[in-house]
Amino acid sequence: MQKNYKENYLKPYAVKSINSKGRIYKEPENSIRSPYQRDRDRIIHSSSFRRLKHKTQVFVNTEGDHYRTRLTHSMEVSQIARTLARSLGLNEDLSETLSLSHDLGHTPFGHAGEEVLSYCMKKYGGFDHNIQTLRIVTLIENKYYKFCGLNLTIETLDGLIKHNGPVKNLSLYRKILKRDFFNNKISFQTFPSMEAQVAAISDDIAYNNHDLEDGLRAGLFTIQKFGSIPFISKLVNKHVKNMKNFRREIIINQIVRDLINLMVVDVIKTSNKNLKKSNPQTINDIYKQDRLIVDFSNKMKMIDRQIKDFLRFNMYSHKKVIINTNRGKKIIEDLFKYLLNNHKKYISDELFKYEKKERVIADFIAGMTDRYAINLHKKIK
């Protein structure tokens, strides 16, 4: 019998431990922690999570100690997600788990590394960082006697698979995973839980605002230039007036702080309006929706789009960022080509018993930190 774990305060459409579909491999329950707390703890104690400390968010990890990494980004996503989940009466532990684990499958050098590794793996089943996250939590992390992976709950796996919405095309999943771990317990074509929706929109809020902060601190653009965005110019200009009295770093922090708060409040208001319209009574009602419930208002979607466009033109396309991006791409490409013929020097023979050579190499490269990839590249050149 499932324990209550003090979840009576949750809304009827929230994910609850008592209704959990369990894990891929059966395990006894814990008397202290809920299933989703255990999932969170397994993520935090995993090697893949620790390595996020030295993986690029935008700036290569070796550039400075104050820029975001995949680890700090994931922690910031979880902070926003906990706030949203608590405000909406959802399962905070599950939203936190999904937030902390959503980037586990990222390569070194961010999306640039993924782009090259995906190209290298085109003939061998492809590569996708979201599916790589599933490989990590179901196969690659090995800490237990009785199973591979972390044996997370079905609800956590469902959220990881669908946090960006229903999965219409399963071909890439089948090529990369080559295993049916989910025993028909996950419906790929339905919307995810609200907890997963919370994690997804928290990711959006976090990376927009924190990339903005890092870009400002790096001097890639000015506060005044950012203030030229129509919908947020009033907010930015309010703080620009204080530049004579406060350090630039404080002004930047206040702008980002206000923007995050603006977005979080908007999500809560919009989600509550959507809940009132759809009137879900159970978690199954959430799965059956034809649209997201946790969402921005139309006005905030426009602001979000404008910030993304601003960052794309002024940060991601900046010469300084492009130089490091191209350097990272070259490193990934060179390492893949080298390891095709020299993998035995670095990868255990045991792993090749279960997977094709190219997939094992992709797993190895995807798990590297920026620093390790840079150092290994120097060795082979």
ask   = If you average the sequence gap of Cα pairs under 8 Å that are 6 or more apart and divide by the length of the range 307-381, what percent do you get for the contact order?
value = 35
ask   = Per residue, what volume in Å³ does the Cα convex hull of the range 64-168 take up?
value = 138
inquiry  = Given R₀ = 41 Å, what would the calculated FRET efficiency be for E27 paired with K319, taking r from the Cβ atoms and rounding to 0.05?
reply    = 0.20
inquiry  = Could you work out how much longer the chain between N284 and Q224 gets when fully extended? Use 0.36 nm per residue separation minus the Cα distance between them, nm to one decimal.
reply    = 16.9 nm
key: Using a Förster distance of 25 Å, the FRET efficiency for F147-M75 (Cβ separation, nearest 0.05)   = 0.35
query = Rounded if a/c is under 1.5, else prolate if a/b beats b/c, else oblate: with a ≥ b ≥ c from the C-alpha gyration tensor eigenvalues square-rooted, which is the range 254-381?
reply = oblate
query = Going from the alpha-carbon gyration tensor of the range 201-320, what semi-axes, largest first and in whole Å, does one get by taking the root of 5 times each eigenvalue?
reply = 33, 15, 11
remark   = The alpha-carbon pair-distance distribution computed for the chain, with 10 angstrom bins and whole-percent values, is 5, 22, 30, 26, 14, 3, 0
message = Net charge within 9 Å of M121 by Cβ-Cβ distance, Lys/Arg positive one each and Asp/Glu negative one each, not counting M121 itself?
response = +2
query = What percent do you get for the relative contact order of the chain when only Cα pairs under 8 Å and 6+ apart count?
reply = 22
request  = Take the alpha carbon gyration tensor of the range 224-265, find the square roots of its eigenvalues, order them as a ≥ b ≥ c, and report rounded if a/c is under 1.5; if not, report prolate when a/b exceeds b/c, else oblate.
outcome  = oblate
request  = Once you have the Cα-Cα distance between K273 and Y124, take 0.36 nm times their residue separation minus that, and quote the gain in nm to one decimal.
outcome  = 49.1 nm
query = For K241 and R217, what does the FRET efficiency come to when R0 = 22 Å and r is the distance between their Cβ atoms, rounded to the nearest 0.05?
reply = 0.60
task = Arrange K175, K381 by Cβ neighbour counts within 10 Å, fewest through most, would you?
result = K381, K175
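Each reported figure results from applying straightforward, stated rules to the coordinates on display, with no laboratory input. From a predicted model like this one, the values you see are computed outputs, not experimental measurements. Cβ coordinates were reconstructed from backbone atoms using ideal geometry, including for glycine residues, and neighbour counts include every protein chain displayed.
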